Structures are given as C-alpha cells and as structure tokens.
Amino acid sequence: MLKHRIEQIALIALLAGISAGCGASRPYKYYELDVSAPAAAQATPYPITILVGRVATPQLYRDSRIVYGSGPVQLGTHEYDRWAQMPADMIQEALISALRATGQYRSVTAIGSSARGEFVLRSQLYSLYEVDQPQIAGRFSIQIELFDSKSGATVWSDTYSHDESVEGKSVGDVVEALNRNVRTGMQQLAGHLGQYFAAHPPQQPAAQ
C-alpha cells in the first residue's frame, strides 16, 4: 500500500509540474522598425521612376525571430522576441520611404509585375542583429546598386555598415538602436544616390 501511495503522489506531482509549466509559457513580443523619413526641402524632381526591388537576405533573416551575435562567428535567434514583419520587407519599406522623402524623383515604388521604371534599385542585407562584444550594439550593413533599365548596366553602387551603441540591455533597447541605425543608413544612402544623379542628371524623355 505504501509503495502504491508513493507512486500516486509522484504521479500527481509530475502532472502538477507539467500543468504549471504550461500555464507559465512566456508570451511572444513583436517589434518593428519605424521606416518613416523626414521630408527634405521640396526639390524639382528628376523625370524618372525608381523601382525598389525586394531585399536579398541570408537564410537567417527569412524568419521573424530577432538575431543576436554570440562571439565573433556565432549567431543565434531570440525565440520569443520577433519582428512584426520580415526583415526584407521592413528594409525595402525603409529604403522607399527615404528616397521618397528627398522629393528628388517623379516616383519611387516597390517593384511589381506591372511596374515600369527607368531605374531599378537592388539591395543585399548582410547584418541586422545584436552584437555583444566589445559592447552591446545594433549592427546594420547593406549594399545597394542602381540598375539602368535602358542600358542594362549597373551604374552605381554603395554600402553602409555601422554598429549603433545600445542604451540598455533589453531586446527592446537593441531594437531602438537598430532602428536608429537603419534610419541613419537609409538617409545616407539616399543622399549618396542623389549625389550620383546630380552628377549624371537623367534626361527628360522625348515627347512622342
């Protein structure tokens, strides 16, 4: 009887532990980048449409989990801290917003099956994650290139890479740093693209 009683108590304790574990599951937290960009002084726009292609990413960023770096070569993901959108979508929206805010172009839009434009902007995301050495920072690096639809050639390219210091230790603090970093990077890239067109002004299409 005593052995049977002990087995019953052990079973009850096990079931209680499983129940408590299920009830205390950690909730997911979702974050997003603020892709809005401050509008620049109104400029006379170049008579061109820029199509912004979908951002190419490594396999690690084809998931909503926020990435962190552990040491110089190892990366991991936060299981319960996730992006509200896929990184490729957020970065594409941020680039479109930054280019539109310059007021330098007739139109800036995401590439689509029916979209037509004189130039296509392609990009490759390399880094969008937390690093912890030598201090906690939000790392963002990207390369973009401008493709001339008429000539079929890449006419300009640029890169941005920077570690933004994190003011705190939480994942939310990391996202804030990444947000600042992405905004700065997009404004810098948009400015450099504007310098290219200032040096190589596109011509007004001839009237039909």
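Observations on the structure shown:
- Within the range 82-109, tally of residues that are closer than 30 Å to Ala198 by Cβ and assigned to a loop (DSSP other than H, G, I, E, B): 2
Conditions tested, residue by residue: (1) within 19 Å of Ile91 (Cα to Cα); (2) touching a helix residue (DSSP H, G or I) at 6+ places or on another chain (Cβ under 6 Å).
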| site | (1), (2) |
| --- | --- |
| Trp156 | no, yes |
| Tyr160 | yes, yes |
| Lys169 | no, no |
| Leu178 | yes, no |
| Tyr196 | no, no |
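- Test for Glu79: is it part of a strand (DSSP E or B), surrounded by fewer than 15 Cβ atoms within 10 Å (Cβ to Cβ), touching a residue at least 12 places away in the same chain (Cβ under 8 Å) and among the acidic types (Asp, Glu): yes
- Residue check, Leu33 surrounded by 14 or more Cβ atoms within 10 Å (Cβ to Cβ), in contact (Cβ under 8 Å) with a residue 24 or more places away in the chain and under 17 Å from Gln188 (Cβ atoms): yes
- Scope the range 110-128; condition under 29 Å from His78 (Cα atoms), in contact (Cβ under 8 Å) with a residue 40 or more places away in the chain and not aliphatic (A, V, I, L, M); matching residues: Arg122, Ser123, Gln124, Tyr126
- Filtering the range 50-64 to residues that are surrounded by fewer than 17 Cβ atoms within 10 Å (Cβ to Cβ), under 19 Å from Glu93 (Cα atoms) and out of contact with any Pro (no Cβ under 9 Å at 6 or more places or on another chain) leaves Gly53, Arg54, Ala56, Pro58.
- Evaluation of Met86 against (1) surrounded by fewer than 20 Cβ atoms within 10 Å (Cβ to Cβ); (2) in contact (Cβ under 8 Å) with a residue 24 or more places away in the chain; (3) closer than 30 Å to Gln203 by Cβ; (4) out of contact with any strand residue (DSSP E or B) (no Cβ under 8 Å at 6 or more places or on another chain) (one fails), failing number: (3)
Every read-out reported here was derived from the displayed coordinates using simple, explicitly stated rules and does not represent laboratory data. In this text the structure is predicted, and so the values were computed from the model without any measurement. FYI the Cβ positions are ideal-geometry reconstructions off the backbone, even for glycines, and counts take in every protein chain you see.
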